[in-house]
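Before I ask anything, here is the structure I am working with.
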Amino acid sequence: TTDPNSDLMERCLLSTSEVVAQGKAVIDGGATRTIGSVTALSQVAELNEKKRGVTGVEQVDLNERPVFGFGNSSKNRCVSTASLSVPLGGKCGSMKVHALDQGSAPILLSIHSLRQLGAVIDFENDLAVFRHVDSSRLVPLERSSAGHQVMPLTKDIYQNAVTLKEPMPSFKELE
């Protein structure tokens with residue numbers, strides 16, 4: 001039998017180009033550092049300008065140009081590293097994004113960034129708690145058509161959050 005909601009679910013999944021166009025980041029626990037195309041960073045800046053009156057790009061460092069290795073054995077040097085202001089829980093956090101001038105890939109939110117947020121992610125239900133931002137609020141995540149979880153960079157992810165009965169502990173606290 002087929003699930004009657006599966007067609008609806010398929011229509012709600014974002015393509016990679018929609019992720020970029022909507023100024024969102026792909027949660028990528030396999031990425032060691034947050035990286036994205038210049039195209040994706042420019043789109044985030046443009047959307048921020050429209051929504052908040054500022055680009056959100058706090059600084060661009062043309063000297064910080066790390067080389068990244070990819071799964072297909074290729075290597076690419078970044079053109080710069082940007083500090084990006086991201087709305088989180090009514091405040092703005094700062095995220096470092098390494099920029100590639102090739103292609104139009106979305107911003108990949110790295111394990112380093114996820115650790116800084118104190119992320120606890122429920123992959124089955126597309127939910128997250130960012131313990132270092134607010135351990136009492138559960139955030140719904142979107143999903144891409146490739147199956148990756150996605151979060152906005154131009155609007156506060158907490159606008160659709162649900163307050164938990166108790167703050168989310170770290171797994172270490174549950175031992």
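FYI, it's all coordinate maths here, none of it is from the lab. Note that the structure is predicted; figures quoted are calculated from it, not measured. Here the Cβ is made from the backbone with ideal geometry for all residues, glycine too, and neighbour counts use every protein chain on show.
Starting from the amide H of LYS96, placed 1.01 Å from N in the peptide plane, find each other amide H under 5 Å away whose residue is 5 or more places distant or on another chain.
Distant-sequence amide H within range of LYS96: LEU84.
Amide H neighbours of GLU64 under 5 Å, at least 5 residues apart or on other chains, H built in the peptide plane: list them.
Placed amide hydrogens put THR81 under 5 Å from GLU64.
Per 0.36 nm of contour for each residue apart, how much would the distance between LYS51 and SER94 grow if the chain were fully extended, relative to their Cα-Cα spacing?
My answer for the length gained is 13.7 nm.
Would you please report the Å³ per residue occupied by the convex hull of the alpha carbon atoms in the stretch 115-175?
Here the figure is 103 Å³ per residue.
Helix 38-52: angle to the longest alpha-carbon principal axis of the chain, degrees 0 to 90, nearest 10?
Helix 38-52 sits roughly 60 degrees off the main axis of the chain.
How high is the relative contact order of the stretch 46-161, in percent, counting Cα pairs under 8 Å that sit 6 or more residues apart?
RCO, the stretch 46-161: 19 percent.
Normalise the Cα radius of gyration of the stretch 90-145 by 2.2 N^0.38 Å (N = residues in it) and let me know the number.
On the way: Rg = 13.1 Å, N = 56, 2.2 N^0.38 = 10.2 Å.
Cα Rg divided by the expected 2.2 N^0.38 Å: 1.29.
Continuing with the same structure: Below 14 angstrom from the Cβ of HIS148, what's the summed charge of the other residues (Lys, Arg +1; Asp, Glu -1)? List each step's numbers first, then the result.
Working: positive: LYS24, ARG143; negative: GLU18, ASP28, ASP126, GLU142.
Neighbour charge sum, excluding HIS148 itself: -2.
Here's another thing I want to ask about it. Scattering from the C-alpha atoms of the stretch 27-175 alone, worked out with Debye: what is log10 I(q)/I(0) at q = 0.10, 0.12, 0.16, 0.18 1/Å?
-0.36, -0.52, -0.92, -1.13
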